[in-house]
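Below is one structure, written out as structure tokens, with a few remarks after it.
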Amino acid sequence: MSRIVAIVGRPNVGKSTLFNRLVDSREAIVDEVSGVTRDRNYGMSNWNGIDFSVIDTGGYVQNSDDVFEEEINKQVLLAIEESDLILFMVDVTCGIHEMDTSVSSLLRRVDKKVIVVVNKVDNGERLMEATEFYNLGLGDYFPLSSMNGSGTGELLDEVVKHLPKEDPGVMPDLPRIAIVGRPNVGKSSLVNSLLGEERNIVTPVAGTTRDSIYTRYNKFQHDFLLVDTAGLRKKGKVSEDIEFYSVMRAVRTIENSDICLLLLDATRGIESQDLNIMSLIQKNNKGMIVLVNKWDLIEKENNITTQFEKDIREKTAPFTDYPILFISAINKQRIHKVLELAEQVNKNRNRKISTSELNDVMLQIIKNNPPPALKGKYVKIKYVTQLPIYTPAFAFFCNLPQYVKDPYMRYLENRMREKFDFTGVPIRIFFRKK
């Protein structure tokens with residue numbers, strides 16, 4: 001189930017620093033220049049066993065002549081519309097700024113939990129000054145310092161308290177397949193081609209969460225749920241910002257699925273937005289199949305499919321082990337092949353390898369090519385086991401886990417993919433102390 005937390009507020013109050021702390025990364029660009037966060041940043045966070053997505057929005061500025069600030073405002077409004085909970089960030093060193101007042105009046109009209117976060121509170125005097133923010137009329141606030149992390153734990157305790165609980169529903173235990181991609185790439189056409197005229201075989205499933213509608217597909221020996229989030233909520237006045245809206249939607253759809261069919265437009269090739277969506281699929285450890293749609297519109301020259309495939313995989317390296325299929329959703333070209341691939345990727349996602357087989361295969365590979373020594377110390381890997389979780393993840397037990405670097409992890413992952421079929425599925429590798 002997806003849960004989305006949006007961080008909003010005017011520019012330069014520390015939203016990106018808090019985002020980085022919550023998702024434990026350095027992804028957002030943090031800079032003193034107003035308006036650096038132009039595009040949204042997305043990340044996964046976990047607190048006390050509860051997963052949620054965090055969205056870092058640009059600063060909210062009202063009545064500005066700057067077109068760019070107008071764009072940020074639209075995106076803030078969209079984030080508010082799509083999220084489950086809002087963190088409204090202010091800066092204790094500036095007190096209540098007129099822009100804070102305009103954001104707070106916007107937030108008071110929202111029927112969602114809003115938590116005021118007072119940033120840069122790193123001493124007793126500033127703790128006293130923070131009381132001023134009661135005047136925003138949004139209730140209690142949480143003082144913290146996103147720079148050094150003090151107060152973050154208390155904030156997160158409060159956040160998870162207000163996130164939607166799991167909806168037990170009555171979902172059948174079937175693979176959930178989502179169709180994702182940029183706007184106008186042919187997602188609806190693919191859904192229609194898959195479901196065909198025989199819509200009566202397709203039934204909406206009871207217990208559907210408010211995020212996604214699940215439609216059961218049960219024919220030609222295939223049985224799965226198609227995840228559809230489109231058209232669920234009325235888009236607000238700000239839906240001109242289609243690109244951003246589609247990514248918000250993709251976040252929800254991806255989180256609620258097991259396997260993603262990523263649709264590309266053959267006439268445009270693979271673009272940065274496609275790569276964003278692909279990285280969301282990987283971050284969420286979902287199975288993936290790339291479908292190049294509108295293939296009927298492409299002039300067929302020698303080796304064009306090979307060239308197209310090569311181009312896509314080069315742009316997505318290091319993760320290149322996934323199926324690519326060239327289709328036409330409108331003409332139903334290779335539609336049934338899509339279903340066969342989805343079945344195969346789902347099988348790979350659930351693949352369990354016995355500990356004895358893993359050790360027989362991987363320890364020999366490690367012996368032939370051990371991890372490079374660091375500072376004169378040698379890493380000795382003794383034992384490998386698959387972790388009992390829903391996606392393929394493996395623990396390698398060794399004496400010095402901190403000395404194993406990314407290139408060697410990638411080497412092990414590639415050897416693993418050669419020996420066992422994990423096509424279409426991200427693999428996670430952990431090094432643990434023996």
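The values are calculated or read from the model by the stated rules, or taken from the named source; none is laboratory data. The shown structure was predicted, so the numbers you read here are calculated from the model rather than taken from an experiment. Glycine gets a Cβ as well: all are built from the backbone with ideal geometry, and neighbour counts include every protein chain shown. Just the protein is used for accessible areas: all its heavy atoms, side chains included, with ligands, DNA and RNA removed. Shrake-Rupley method; radii C 1.70, N 1.55, O 1.52, S 1.80 Å.
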Only unsatisfied item for PHE88, checking (1) assigned to a helix (DSSP H, G or I); (2) surrounded by 20 or more Cβ atoms within 10 Å (Cβ to Cβ), is (1)
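What number of residues within the range 209-225 are open to solvent by 30 Å² or more (accessible area, probe 1.4 Å), among the polar types (S, T, N, Q) and either in contact with a His (Cβ under 9 Å, 6 or more places away or on another chain) or at pLDDT below 65 (or both)? So that I can check it myself, show each step before the final result.
The first filter runs over the range 209-225 and keeps only residues open to solvent by 30 Å² or more (accessible area, probe 1.4 Å), leaving 210, 213, 216, 218, 220-221, 223.
If we keep only those that are among the polar types (S, T, N, Q) as well, we get 218, 221.
Checking which are either in contact with a His (Cβ under 9 Å, 6 or more places away or on another chain) or at pLDDT below 65 (or both) leaves us with none.
Adding up the residues that qualify gives 0.
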Contact list, first residue from the range 368-384 and closer than 15 Å to PRO401 by Cβ, second anywhere and surrounded by 15 or more Cβ atoms within 10 Å (Cβ to Cβ) and among the hydroxyl-bearing types (Ser, Thr, Tyr), beta-carbon distance below 6 Å, six or more apart or interchain, is PRO371/TYR408; LEU374/TYR403; VAL379/TYR403
Checked the range 417-434 for anything surrounded by 15 or more Cβ atoms within 10 Å (Cβ to Cβ) and within 25 Å of the chain's Cα centre (by Cα); matches are ARG417, PHE422, THR423, GLY424, VAL425, PRO426, ILE427, ILE429, PHE431
In the range 360-401, residues that are open to solvent by less than 90 Å² (accessible area, probe 1.4 Å) and under 27 Å from ASN285 (Cβ atoms) total 25
Of the listed residues (GLU154, GLU82, GLU125), the one being out of contact with any strand residue (DSSP E or B) (no Cβ under 8 Å at 6 or more places or on another chain) and of a type in the set (D, E, K, R) is GLU125
Pairing a residue in the range 248-274 that is closer than 13 Å to LYS187 by Cα with any residue that is open to solvent by 10 Å² or more (accessible area, probe 1.4 Å) and of a type in the set (D, E, K, R), where Cβ atoms lie under 6 Å and the two sit 6 or more apart in sequence or on different chains, gives CYS260/LYS286; LEU263/LYS187; ASP265/LYS294
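Conditions tested, residue by residue: (1) over 25 Å from THR391 (Cβ atoms); (2) at pLDDT below 80; (3) in contact with a Pro (Cβ under 9 Å, 6 or more places away or on another chain); (4) part of a strand (DSSP E or B).
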site	(1), (2), (3), (4)
LEU232	yes, yes, no, no
GLY236	yes, yes, no, no
PHE244	yes, yes, no, no
VAL247	no, yes, no, no
ILE254	no, no, no, no
ASP274	no, no, no, no
